[in-house]
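Comments concern the structure below.
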Amino acid sequence: MKRERRSFSNDFKKQIVESIVAGTATQAELAREYRISPVLINKWKKDYKTGKFFENVDSHDMAKLELRVRELERLLGKITLENEMLKKIRDLDTMKKKDNSSIVTSRDWDRLKGGAR
């Protein structure tokens, strides 16, 4: 009995790849569910990265998408810088707290035993 060769639409391929990229399903899960070779799904992922599934999108829409990507990249950069600054502030604050919570030594004892003034 001869198996018929299946063909898949670009929308279906795009949907499969976007599910994997979004993390809603793994490649192995989708390969089992739809009985598709994981090698074929890898090929679809490469095609997706090169933009093969977006051929029907006109240049105006593509320009809008590129602007959106640039804006999101700018926001990501800003958030990354803010995150790094907050980490540095946290580390400085931690070091300051460690310095203030030092153990009383003999040098400090004379100063401390005088009591409150």
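Starting from the stretch 1-99, pick out the chymotrypsin sites (Phe, Trp or Tyr not before Pro) whose DSSP state is loop and whose Cβ has at most 16 other Cβ atoms within 10 Å.
Numbers: sites: 8, 12, 34, 44, 48, 53, 54; in loops: 8.
Those that pass, being in a loop and sparsely packed, are 8.
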Return the carbon/sulfur percentage of the accessible area of the stretch 1-42, one whole number, probe 1.4 Å, all protein chains in place. 50
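Show me the trypsin sites (Lys or Arg not before Pro) within the stretch 10-90 that DSSP assigns to loop and that have at most 12 other Cβ atoms within 10 Å of their Cβ.
In loop regions of the stretch 10-90 (DSSP not H, G, I, E or B), the sparsely surrounded trypsin sites (Lys or Arg not before Pro) are 35.
The stretch 1-84: which GluC sites (Glu not before Pro) are DSSP loop and have at most 13 other beta-carbon atoms within 10 angstrom? Provide the component values of the computation, followed by the final result.
Working: sites: 4, 18, 29, 33, 55, 66, 71, 73, 82, 84; in loops: 4, 55.
Hits after loop and neighbour filter: 4, 55.
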Students often get this wrong, so check it: of 45/78; 13/46; 14/45; 14/52, which have C-alpha atoms separated by over 18 Å? 45/78
As straight-line cross-link partners of residue 98, the qualifying lysines (C-alpha separation under 23 Å, not fewer than 8 residues apart within one chain) are 87, 88, 113
If the chain between residue 81 and residue 37 were fully stretched, how many nm would it gain, using 0.36 nm times the residue separation less the Cα-Cα distance? 11.7 nm
Nearest-0.05 FRET efficiency for residue 71 and residue 10, computed from C-beta distance (R0 25 Å): 0.40
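The values are calculated or read from the model by the stated rules, or taken from the named source; none is laboratory data. All values derive from a computational prediction rather than experimental measurement. A quick note on method: Cβ atoms are made from the backbone with ideal geometry, for glycine too, and the neighbour counts reach across all protein chains shown. Only protein heavy atoms, including side chains, enter the accessible area calculation; ligands, DNA and RNA are left aside. Shrake-Rupley method; radii C 1.70, N 1.55, O 1.52, S 1.80 Å.
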